[in-house]
Amino acid sequence: MTTAGSPVRTNGKLHELESHLRQRIRGQDQVLPRIVSLLQRGELGLTKPGRPRGSFLFLGPTGVGKTEVTLTFTGFLMSKEHLFRFDMSEYQTQESLGLLLGGKLGERGTLGMVYDKSRVGTLLFDEIEKAHPRVLDVFLQILDAARVTLASGETLELSGFYVVFTSNIGSADLMNLQYSTPATMERHVLTRAQQQMRPELYARITEKLVFNRLSYDHQLEIAQLLLTQELEFLKVKGHELKPDDAVLPFLVRRGFHPKLGARPMRDAVEKLIGDAVAVDLLTGGNACGTLAVDETANCLSIR
């Protein structure tokens, strides 16, 4: 990418992008090739002048990886510090436009603060359907010309950024369509999104992708991944733990939720392992050894 301030990617790294995403994202194999294709074009400088490097609309239920995949590709291509996240529940009123662009002459707003930190990265706008129509006007400017004018009068040039919108539009219907084919579910959700979103905004987004609900098997894989990551995190802090065979099934029982996806699983892994480490340290241990299930107390312990 030739955008000022953007590091040059090697073709080798771009070839590794899809495998990197597959290692960390479970149950969404149908969307990853399309995400990778757009990112590769963006990194190779093939985006039309005056546009963001790429734009996505990620649709699907909560906890299925929409934010995780955004964090993962941003971290791989740049660094996690280049992901700038905006919760659209905070931008539901006309007054919130001032929060984004600055409320009066001289103020720079949250977009101005992002621009001060970096000229490249990913702008993630969560739950786009909650944004006020005046805020949506800003997104039209960004997608159409990669520019936006702050209350200070300064115009920001945003062609160095990827733009990601997430939405739960149509997600509730997926429970009723769980026995339908993936193509039918995707078509239904995209139709709902097209009906509910402003046509001019929907049309300007390059890739519209529907994320699947996570099956039990996929959540089992995610639990294993989260367990491995948590143990690696603790090892860096000097706490070397080896889980026994009962730990993973226990974590899945405590963290599995058919509607909320991987988020409760992540919370369960972090809480249950963290509690075991804290108890061991507070009782004079060094939080090293075997991580096991204490069935009596319905928790994990270290022995």
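Values quoted throughout were computed directly from the atomic coordinates according to the rules given, and no laboratory measurement underlies them. This structure is a prediction, so every number in the text was calculated from the model and none was measured. Cβ atoms come from the backbone with ideal geometry, glycine included; neighbour counts cover every protein chain shown.
Volume of the convex hull of the chain (Cα atoms only), normalised per residue: 161 Å³. Summarising the amide proton neighbourhood of residue 299: residues at separation of 5 or more, or on other chains, whose placed amide H is nearer than 5 Å comprise 294.
Of the trypsin sites (Lys or Arg not before Pro) found in segment 182-222, none is in coil by DSSP with at most 12 other Cβ atoms within 10 Å of its Cβ. About its Cα centre, the dipole of segment 216-302 is roughly 280 debye, where the only charges are +1 on Lys and Arg Cβ and -1 on Asp and Glu Cβ. Classified by the C-alpha gyration tensor, segment 216-302 has a prolate form. Its axis ratio a/c, with a ≥ b ≥ c, is 1.5 or above, and a/b is larger than b/c. Assuming a ≥ b ≥ c are the square roots of the Cα gyration tensor eigenvalues, decide whether segment 41-157 counts as rounded (a/c under 1.5), prolate (otherwise, with a/b larger than b/c) or oblate. Judged from the Cα gyration tensor, segment 41-157 comes out oblate (a/c at least 1.5, b/c at or above a/b). For the pair segment 59-115 / segment 242-296, the C-alpha centres are spaced 32 Å from each other. Beta-bridge orientation, the chain: approximately 25 percent antiparallel, per DSSP, counting only bridges with both partners inside. Taking amide H atoms as placed 1.01 Å from N in the peptide plane, the amide H of residue 57 lies under 5 Å from those of 165, 207, 208, 209, each 5 or more residues away in sequence or on another chain. For residue 48, a cut-off of 23 angstrom between C-alpha atoms picks up these lysines, skipping any fewer than 8 places away in its own chain: 13, 208.
Computed about its Cα centre, the charge dipole of the chain is approximately 760 debye, with only Lys, Arg, Asp and Glu carrying charge at their Cβ.
Annotation note: trypsin sites (Lys or Arg not before Pro) in segment 69-170 located in DSSP loop regions with a Cβ neighbour count of at most 13 within 10 Å are 104. By the helix-only formula, in which each DSSP H run with n ≥ 4 contributes -39500 (n - 2.57) and the sum is divided by residues, the chain has a 222 nm mean residue ellipticity of -14500 deg cm²/dmol. Helices in the chain that qualify as membrane-span-like (whole DSSP H runs, Cα extent of at least 20 Å along the helix axis, mean Kyte-Doolittle hydropathy of -1.0 or higher) are 216-236, 263-282. Only one residue of 243, 12, 75 has its Cα farthest out toward the positive end of the dipole of the chain, where Lys and Arg carry +1 and Asp and Glu -1 on Cβ, and that residue is 12.
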